[in-house]
Protein chains: 2
Amino acid sequence: MPNVGDEASNKQLIFRDYVTGLPKESDMYVTTSTIKLKVPEGFHGVLVKNLYLSCDPYMRLRMSRVEGYSSSYTPGAPLTGYGVAKVLDSRHPDYKVGDLVWGITGWEEYSLITPTEGLKSIEQGLKKIQHTDVPLSYYTGLLGMPGISAYAGFYELCSPKKGEYVFVSAASGAVGQLVGQFAKLLGCYVIGSAGSKEKVDLLKNKLGYDDAFNYKEEHDLDAALKRYFPEGIDIYFDNVGGKTLDTVLVNMRVHGRIAVCGMISQYNVHQPEGVQNLACLLFKRIHMVGFAFFDHHHLYPKFIETVLPYIKEGKIVYVEDMVEGLESGPAALVGLFSGRNVGKQVVVVARE
Amino acid sequence: MPNVGDEASNKQLIFRDYVTGLPKESDMYVTTSTIKLKVPEGFHGVLVKNLYLSCDPYMRLRMSRVEGYSSSYTPGAPLTGYGVAKVLDSRHPDYKVGDLVWGITGWEEYSLITPTEGLKSIEQGLKKIQHTDVPLSYYTGLLGMPGISAYAGFYELCSPKKGEYVFVSAASGAVGQLVGQFAKLLGCYVIGSAGSKEKVDLLKNKLGYDDAFNYKEEHDLDAALKRYFPEGIDIYFDNVGGKTLDTVLVNMRVHGRIAVCGMISQYNVHQPEGVQNLACLLFKRIHMVGFAFFDHHHLYPKFIETVLPYIKEGKIVYVEDMVEGLESGPAALVGLFSGRNVGKQVVVVARE
């Protein structure tokens, strides 16, 4: 463990330039600089050692020049994203040396996190980890942004009731695997779609889905949905958008709810696919809501209180896809868009 | 006034056959039959004399074979729709001879309305008119289905706040002209679009809109919206769907709300237009809700209590487009889809 004030070498994953279409590994490169492991005087922040970095589809949006959720990455600077880190030095009253935290950090070994770093302000974004009797990497997934997204999106925005019919796309992903388990805990009937046999098996045999299908093998998605939901869909948890959303719309029931958590099918296209069946919103009086994790911050304590016991009792499980080392980051991040990952994609920078 | 038990001639407007594309006047025809002005024994209903019939865009959906809001019209039978009528005979405890009512009735001079008529059940649908110190025709518009649609859609579903930016399409129509006035009463900034100079003048000079434009003269709707809403749109009250909705999406503000009341641009097309900008729902965390009047029945008493004083004080006005006689019905109904009507389209069958 390095000491405060040491000079250390700092491997970084640099964003090369704005991306159009599918991102490639060569859109990022590894470099090594040095960093003084100390928060400089006058900075109101923390210096952290990064442990686990999260690969999330929304990061693709930040690789474009246009704005989406948040501002674009800066060419020549390290990528940023959610991660788990340990505080090595602090000039912020809320954090002390040795604290474990999760939030927005840099894709590098050590990061200086300050409110003015172009990262999220630390008061908003950097949460102290209180419970360490679960894998720390969970704070990039189950207990982090994807977890609260699944929780807020399903429980708050979908108003689910026992016995309702729930469909989840990208169902074995970081968010989808939790939505299915939440739905089952509530007594819903839940079907997931995913892009490989391995993922479908996971959904059925490990993640508690009532059934699941490989969308790549269904030439007629409408027929598939009618097979799995002969009475229609009450709740659609959308992680993909595009044609899937369009086909789901005609299979929704009256007073159905659609939570739009992601639209991964549309992030790499130049011209978005047109959705033709929006009149179903009217005919079936559907609520369709786009949402983002950071609007639901206030639910985090309740979320943790709800989910931790389930984890300890084995009632909620979580599948992670871990790769080792920053050098593995580009392939892991790019792999999200071909569905290479099985479960939540994590890059291990260092174990504590 | 005919007497109970009389045989009377009954002019009817008959639905010829299922329609594809734009409806034509020849999709309906007038015929005359006879009717005994008495509720037959064993029927739990009322016999009414129809006074005012309402032309509403949703009726186009009932002219197709497919289902939309409600079941298709029956070829060879009279059209049905909202109207104002007077009870001539009753075998229902809630209605007595002489009562004025509004609800679903037939496009004919006299209608037998029973729970089993293929019309809406009278308990659900036929409301007694308590206030007759306003024009009775208002119960097809301002005080009827369009009124409660505007009220529930705007106040309940859009969660409007003083000072917010509101856009209304088909703004001089039966619903739109009220949404604008509700928005102004609450202190919003409200812009409407309509399809002629006459309608735009009406919006600006009579209906209290802050400004309005003729969408047929705006080759670049995106530029027009940016001109009227340089800071973006908080609330979009959608009556048209299609390309307008698509362009509005990119001009919405974060946490915007879209109430989908109608999609008149899509009712006559074989292949609906694709909406490409749905990812804005996600990026801007937008709530988009399709709704229908009949889900908000319970608000009717509160609605009447709110709106009647405004009418009497002249704070809410209402523009009607009246045509005389059932024979004028086909042109009036078809005219909705070319925008011929200026304000709420009503067919006068008889004055009380």
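What follows is calculated from the coordinates using simple rules that are stated; it is not laboratory data. This one's a predicted model, so the numbers in the text were calculated from it and none came from an experiment. Here the Cβ positions follow ideal geometry from the backbone for every residue, glycine too, while neighbour counts run over all protein chains shown.
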Quiz item: When the helices in chain A are scored as -39500 (n - 2.57) per DSSP H run of 4 or longer and the sum is shared across all residues, what 222 nm value do you end up with, to the nearest 500 deg cm²/dmol?
Solution: -5500 deg cm²/dmol
Exercise. Measure out, as a whole number of angstrom, how far apart the alpha-carbon centroids of segment A:323-343 and segment A:282-310 sit.
Key: 27 Å
Quiz prompt | Too-long pairs where the Cα-Cα distance tops 25 Å, listed order kept, from A:161/A:206; A:162/A:226; B:38/B:128; B:216/B:284; B:161/B:199 | solution = B:216/B:284; B:161/B:199
Exercise. Find every distance from the label point of residue B:2 to the corresponding label point in the other copies (7 Å from Cα along Cα→Cβ) and write them in nm, one decimal, shortest first.
Key: 9.6
Self-check item: Gain upon complete extension [residue A:8, residue A:271; 0.36 nm per residue less C-alpha separation]
Solution: 90.2 nm
Practice problem: Using the 7 Å Cα-to-Cβ label point, sort the distances from residue B:205 to its equivalents in the other copies shortest first and give them in nm to one decimal. | Solution: 7.6
Quiz item: In chain B, what residue has the beta-carbon at the shortest distance from the axis of the rotation relating B to A, and what is that distance in angstrom, rounded to the whole number?
Solution: B:274, 1
Practice problem: Could you pull out which residues in segment B:175-192 have an amide N less than 18 Å from a spot 7 Å beyond the Cα of residue B:308, following the Cα-Cβ vector? | Solution: none
Self-check item: Pseudo-label separations to other copies for residue B:302 - Cα-to-Cβ vector, 7 Å, nm
Solution: 2.2
Practice problem: Could you pull the Rg and Dmax for segment B:145-294, using just the Cα atoms, both in Å? | Solution: 13.9, 40
Quiz item: When only alpha-carbon atoms count, how far does chain A stretch along each of its three principal axes, as whole angstroms with the largest first?
Solution: 64, 43, 34
Self-check item: Likely footprinting exposure, B:188, A:55, fewest C-beta neighbours within 10 Å first
Solution: B:188, A:55
Quiz prompt | Inter-label distance, nm, simple model (7 Å from Cα along the C-beta direction), residue A:254/residue A:156 | solution = 3.0 nm
Quiz item: Any idea how far apart residue B:226 and residue A:66 come out in nm if each label point goes 7 Å out from Cα toward Cβ?
Solution: 1.3 nm
Quiz item: At q = 0.24 Å⁻¹, what is the log10 ratio I(q)/I(0) for segment A:111-200, with the Debye formula run over Cα points and no solvent?
Solution: -1.15
Exercise. Please arrange B:105, B:140, A:114 by counting, for each residue, the other beta carbons lying within 10 Å of its beta carbon, fewest first.
Key: A:114, B:140, B:105
Quiz item: How large are Rg and Dmax for segment A:1-112 when only the alpha carbon atoms are used, in Å?
Solution: 14.8, 43
Quiz item: Taking segment A:205-325, how much of its Cα-Cα pair set, in percent, is spaced more than 26 angstrom apart?
Solution: 36 percent
Quiz prompt | Packing-based order for A:73-79, B:91-97, using average beta carbon neighbours within 10 Å, highest first | solution = A:73-79, B:91-97
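Take peptides A:273-285, B:161-173 and line them up by average Cβ neighbours within 10 Å, highest first, as a rough protection proxy. Spell out each step's value before the answer.
Numbers: A:273-285: 21.2, B:161-173: 23.6.
Highest to lowest by the protection proxy: B:161-173, A:273-285.
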Exercise. May I ask you to list the lysines whose Cα is less than 18 Å away from that of residue B:24, ignoring any residue fewer than eight positions away on the same chain?
Key: none
Quiz item: Gaussian network model of chain B, Cα springs within a sub-10 Å range: biggest mean-square fluctuation belongs to which of B:265, B:54, B:33?
Solution: B:33
Quiz prompt | Over the protein assembly as shown - Rg/Rh using Cα atoms and the Kirkwood inverse-distance radius | solution = 1.06
